[in-house]
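Okay, structure first, notes after.
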Amino acid sequence: MPLKRVGRKRESLGVEKRAAERFGGKVQPSSGSLWHRKGDFLVGRRLIGECKSTRSKSIRVELEWLKKLERVALQSGRCPVLVLSFQGSREPQVVCLLFNDFEELFHRRVSEEKCSGKG
């Protein structure tokens with residue numbers, strides 16, 4: 001049983017590292033075990049990310065994860081991002097944003113498209 005846990009931890013660290021790289025950020029060393037190292041990865045002063053992965057075909061997103069991530073993001077002045085990965089995938093597969101953050105990104109994108117003549 002302990003070997004399985006080590007494998008899962010290593011797999012989780014891989015997901016964190018790849019998510020951080022995809023966003024251009026860095027993994028938080030010892031995230032979750034030190035009070036001052038919140039979030040699994042940081043992207044400058046813009047994003048704070050938390051990664052969750054599962055080997056099953058589904059994952060339940062817990063309200064407490066979102067509340068904690070939002071609280072930490074507010075304290076650090078960053079946008080919270082929850083990254084989900086399924087079935088031992090080598091890449092993050094789903095990104096969850098708070099509705100207000102998504103809405104802001106959406107409207108910014110629509111404005112950019114209008115200005116460039118794409119919309």
Just to be sure I understand the filter: pairs with C-beta atoms under 9 Å, separated by 6 or more residues or on different chains, first member in region 97-108 and touching a residue at least 24 places away in the same chain (Cβ under 8 Å), second member of a type in the set (D, E, K, R). Which pairs pass?
98/70
So which residues in region 71-80 are out of contact with any Asp or Glu (no Cβ under 7 Å at 6 or more places or on another chain) and either at pLDDT below 90 or within 13 Å of residue 45 (Cα to Cα) (or both)?
72, 73, 74, 75, 76, 77, 78
Of everything in region 91-119 that's in contact with a helix residue (DSSP H, G or I) (Cβ under 7 Å, 6 or more places away or on another chain) and at pLDDT below 80, which residue is nearest to residue 48 (Cα to Cα)?
92
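The values are calculated or read from the model by the stated rules, or taken from the named source; none is laboratory data. Values in this document were obtained by computation on a predicted structure and should not be read as measured data. FYI the Cβ positions are ideal-geometry reconstructions off the backbone, even for glycines, and counts take in every protein chain you see.
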